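First comes the structure, then the notes that go with it.
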């Protein structure tokens with residue numbers, strides 16, 4: 001890992017340290033995704049079958065997981081994993097339930113009531129990737145808020161295994177949303193199927209979930225099409241930024257950096273510390289722990305683009321972090337909560353020595369679908385609200401139109417919209 | 001306006017009635033917007049100057065409205081319009097204040113606290129169109145929630161007038177967000193400037209506001225770019241769907257249809273009623289009222305694509321409306337509130353005879369930036385929440401990691417992510 005003394009750098013060098021590895025979407029990828037969308041428009045399920053054979057190496061007649069396969073999933077999952085899935089689900093539900101958006105109402109004038117009410121999005125499409133391994137935890141993070149929101153139809157796509165089956169742990173997790181329909185489809189073709197609809201896959205109103213560059217580009221292209229398809233947020237490589245002080249536990253910090261690095265060679269890992277001694281200890285610990293990891297090759301490649309950064313003080317570290325807007329931010333500090341109010345841009349924050357990112361990835365209760373690539377400047381992590389939309393409602397009585405109508409008519413005339421004014425004035429004449 | 005008997009139609013014909021006039025973005029428009037983005041990347045303010053000369057017919061050295069022009073605005077706005085702007089602002093603020101998202105926290109396990117806290121989006125870019133006329137009401141709808149959210153920097157773009165000044169009523173409305181910086185820029189070039197940043201216009205984190213097809217395409221292209229720019233929602237032609245029963249006031253209904261039709265030739269207007277007599281009366285009233293409108297030509301063109309639809313009963317009308325997902329839905333019914341629970345897809349709903357859409361457009365207190373084109377299936381109208389993002393926070397003590405850690409480690413092993421498991425297990429060893 002490269003070591004950097006922040007205060008020895010010029011502005012351009014600082015910008016370079018915080019620059020994420022090029023995420024520029026290649027023309028090839030963009031055109032490839034466009035071709036997949038066009039093929040799914042033209043040939044529907046037939047195209048999905050071809051792509052599944054090509055990318056997943058499996059020939060499937062029917063993509064949907066049948067009731068039998070769904071029922072049988074539990075028996076194939078080790079008992080301790082089953083128990084962990086249920087325990088995580090309970091905690092995710094407890095936290096997400098507190099986040100269900102409540103309706104509100106205000107009488108904004110005598111006889112004029114304004115409300116904002118929530119409605120579940122009717123048909124949602126969830127994507128659970130299985131790039132390096134199937135991710136039952138992602139199925140939990142998507143299915144539980146979808147169920148709590150009350151979505152009528154929940155469609156979940158996840159890549160098929162080599163034998164044409166779906167991962168049983170993913171299925172078990174998916175059943176946290178009773179009535180979920182699971183399709184064995186991966187990559188951009190899964191996104192295209194849910195965005196466009198085919199004979200077997202229903203067209204969804206909004207798409208959710210993380211994924212690789214193909215999935216990200218497919219979600220972006222789905223959102224570009226006219227007709228109202230929404231997406232939860234852009235998908236991108238996972239990232240962690242750790243801010244540690246001299247009192248931090250170097251072994252813990254190294255373990256947190258490595259747990260991010262093992263996600264993939266494009267994972268982002270940054271350490272900011274005001275202690276040169278801690279920086280040395282972490283660097284040494286990374287080497288020790290790396291040697292023991294089964295996914296050491298992946299982690300090593302991610303670490304090549306990573307940085308250990310010496311800063312002047314923790315305040316400077318917080319400011320650098322806010323400029324970077326990390327997906328995950330770990331505050332391995334003695335008084336972590338004291339810094340919270342100064343942090344504006346981050347997906348999820350982990351306070352203190354005893355809160356590894358892995359806790360949030362699985363079972364603290366918070367959602368692990370989080371904004372990456374700097375999107376935390378404007379996007380939130382997933383919550384029940386993402387599966388709902390709001391409708392405003394207003395109701396005026398004769399008294400209400402009399403109290404608020406003249407203001408509306410004046411502004412309508414000022415904007416040159418006479419028919420707007422007329423719709424109010426006609427009523428004012430009759431309400432009097 | 002075309003009259004239709006819904007129950008005499010086959011499935012294809014029904015779909016055709018609800019089909020919005022082609023919103024397919026032409027290749028020309030897409031390429032035109034792309035060229036504008038490329039020019040702004042390459043030549044910054046210079047490109048903005050060229051486009052402003054070309055599209056707005058004005059030669060501007062400096063786009064930003066100076067303190068003097070901003071201060072002087074009030075004196076140029078008639079007193080009754082000034083008062084109406086302040087009255088509308090107060091009502092919009094009252095309603096939006098009730099919608100400020102609150103933080104929440106849950107102790108999801110002993111010693112493990114999860115929270116979700118809100119942060120304002122730092123720098124927001126607002127677009128106030130002036131296609132047919134300047135829209136101070138839109139400035140209110142954007143500036144007030146931005147201020148309530150606490151956004152640190154509020155940038156507003158609105159097209160210059162022929163004399164190079166900004167519309168004073170828009171400026172007066174914009175001052176509802178003290179510290180707002182207003183730039184005289186319109187169309188796709190304004191969106192490109194706020195998305196990319198130039199020497200004079202700061203790069204924004206999220207873009208808001210309605211606009212024509214160029215603005216909509218520019219917002220979509222801004223959202224496509226890597227790096228985390230967000231947009232409030234797709235922009236599209238405005239629409240109203242009115243459901244009226246036999247007891248409705250035909251003159252009111254006709255006025256509501258016309259007030260939508262005058263927005264532009266691409267506005268969408270639909271009436272659903274179970275009363276053939278009311279349908280006749282509304283058709284006659286539209287003709288009478290249309291003759292008196294200054295914008296009759298625009299309205300007439302919009303009405304050509306509009307429909308008066310006879311349905312079996314109000315339940316059927318509600319179902320059709322839900323399939324269409326209108327931006328504005330007026331329930332000119334005797335018991336409008338009784339139907340509310342059955343409506344899932346709409347931007348904003350107007351209950352009863354005394355609540356014209358124009359009330360919501362200006363001053364009921366609800367926001368008039370709403371999802372169009374069917375986007376109401378998955379999107380909400382604008383609120384303070386759109387100007388904020390949430391961060392999740394978790395903090396485990398030694399007890400917390402001991403209670404939730406084993407679950408995380410089990411799931412990490414199940415997903416083959418050993419470094420994740422190790423980050424938890426290391427702590428479990430030391431917490432014991």
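Quick note: the coordinates plus some simple rules give every number you see, no bench work behind them. All of these numbers come straight from a predicted model, not from anything done at the bench. Cβ sites come from the backbone with ideal geometry, for glycine too, and all protein chains shown count toward neighbours.
Hey, with R₀ at 35 Å, roughly what FRET efficiency would residue B:41 and residue A:9 work out to, going by the Cβ-Cβ distance, to 0.05?
Efficiency for this residue pair is about 0.85.
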> Separation of region B:165-233 and region A:226-267 by C-alpha centroid, Å?
Replying inline: 31 Å
>> With the label 7 angstrom out along Cα to Cβ, how close does residue B:86 come to the same site in each of the other copies, in nm, nearest first?
In response: 6.4
> When only alpha-carbon atoms count, how far does region A:75-221 stretch along each of its three principal axes, as whole angstroms with the largest first?
Replying inline: 67, 37, 26
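Could you put B:58, A:282 in order, starting from the residue whose Cβ has the fewest other Cβ atoms within 10 Å? Mind dumping the intermediate values first?
Numbers: B:58 18, A:282 28.
Least crowded to most crowded, the residues run B:58, A:282.
What is the calculated FRET efficiency for residue B:105 to residue A:277, with r their C-beta to C-beta distance and R₀ = 30 Å, to the nearest 0.05?
FRET efficiency, residue B:105 to residue A:277: 0.30.
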> Using the scaling law 2.2 N^0.38 Å as the reference, what is the normalised Cα Rg of region A:1-143?
Replying inline: 1.67
> Kirkwood hydrodynamic radius of region A:225-317 from all distinct Cα pairs, in Å?
Replying inline: 14.2 Å
> Quick one: B:17, A:128, fewest Cβ neighbours within 10 Å first, how do they rank?
Replying inline: B:17, A:128
> To one decimal place, what orientation-averaged projected area in nm² is obtained for the convex hull of the Cα set of region A:139-292?
Replying inline: 12.1 nm²
> How far is it, in nm, from the label point at residue B:297 to the one at residue B:319 when both lie 7 Å from their Cα along the line to the Cβ?
Replying inline: 4.3 nm
> Kirkwood hydrodynamic radius for region A:101-183: how many Å is it when counted over pairs of different Cα atoms?
Replying inline: 14.5 Å
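Provide Rg over Rh for chain B; use the alpha carbon set for both Rg and the Kirkwood Rh (inverse mean inverse pair distance).
Result: Rg/Rh = 1.05.
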> Between the helical axis of B:276-291 and the dominant principal axis of chain B, each derived from Cα atoms, what acute angle in degrees is found, rounded to the nearest 10?
Replying inline: 80 degrees
> Over all residues in A:104-114, what is the mean tally of Cβ atoms on other chains that come within 10 Å of each residue's Cβ?
Replying inline: 6
> Which one of A:374, A:400, A:365 has the biggest mean-square fluctuation once chain A is modelled by GNM with Cα springs under 10 Å?
Replying inline: A:400
> Can you give me the relative contact order of chain A as a percent, contacts being Cα pairs under 8 Å and 6 or more apart?
Replying inline: 20 percent
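Pop the C-beta distance of residue B:287 and residue B:340 into the FRET formula with R0 = 25 Å and round what comes out to the nearest 0.05.
FRET efficiency, residue B:287 to residue B:340: 0.20.
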>> Please rank B:1, B:141, fewest neighbouring Cβ atoms within 10 Å first, as an exposure proxy.
In response: B:1, B:141
> Counting only DSSP beta bridges with both residues in the protein assembly as shown, what percent are antiparallel, rounded to the nearest 5?
Replying inline: 25 percent
> For the protein assembly as shown, what size does the Cα cloud have along each of its three principal axes, sorted from largest down, in whole Å?
Replying inline: 84, 66, 49
> For chain B, what is the mean residue ellipticity at 222 nm derived from helices alone (per DSSP H run of n ≥ 4: -39500 (n - 2.57); sum divided by total residues; nearest 500 deg cm²/dmol)?
Replying inline: -13500 deg cm²/dmol
> For the residue pair residue B:16 and residue B:74, what label-to-label distance in nm results when each label sits 7 Å from Cα along the Cα-to-beta-carbon direction?
Replying inline: 5.8 nm
>> Based on the alpha carbons, how large is the Rg to Rh ratio for region A:348-414 when Rh follows Kirkwood?
In response: 1.36
>> Looking at chain A as a GNM with Cα springs under 10 Å, which of A:290, A:257, A:207 has the largest mean-square fluctuation?
In response: A:290
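Report the per residue volume, in Å³, of the convex hull enclosing the C-alpha atoms of region B:302-372. Spell out each step's value before the answer.
Working: hull volume 7.8 nm³, N = 71.
Expressed per residue, the convex hull around the Cα atoms of region B:302-372 is 110 Å³.
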> Where does helix A:79-97 land angle-wise versus the long Cα axis of chain A, in degrees 0 to 90, nearest 10?
Replying inline: 40 degrees
> What angle, in degrees between 0 and 90 and rounded to the nearest 10, separates the Cα long axis of helix A:27-43 from the longest principal axis of the Cα atoms of chain A?
Replying inline: 50 degrees
> Along the Cα-to-Cβ line of residue B:163, 7 Å from the Cα, sits a label point; which residues in region B:62-78 have backbone N less than 17 Å from it?
Replying inline: B:65-66, B:68-78
> Rg and Dmax of region B:178-231, Cα atoms, in Å?
Replying inline: 10.7, 31
> So what is the diffusion coefficient of region B:237-380 in µm² per second by Stokes-Einstein at 10 °C and 1.306 mPa s, using a Kirkwood Rh over Cα pairs?
Replying inline: 107 µm²/s
> Once you put a point 7 Å from the Cα of residue A:34 and another 7 Å from the Cα of residue B:97, both along the Cβ direction, what distance in nm separates them?
Replying inline: 5.0 nm
> Which residue, B:185, B:293, B:140, has the most motion in a Gaussian network model of chain B that connects Cα atoms within less than 10 Å?
Replying inline: B:293
> How big is the antiparallel share of DSSP beta bridges in chain B, given as a percent to the nearest 5?
Replying inline: 30 percent
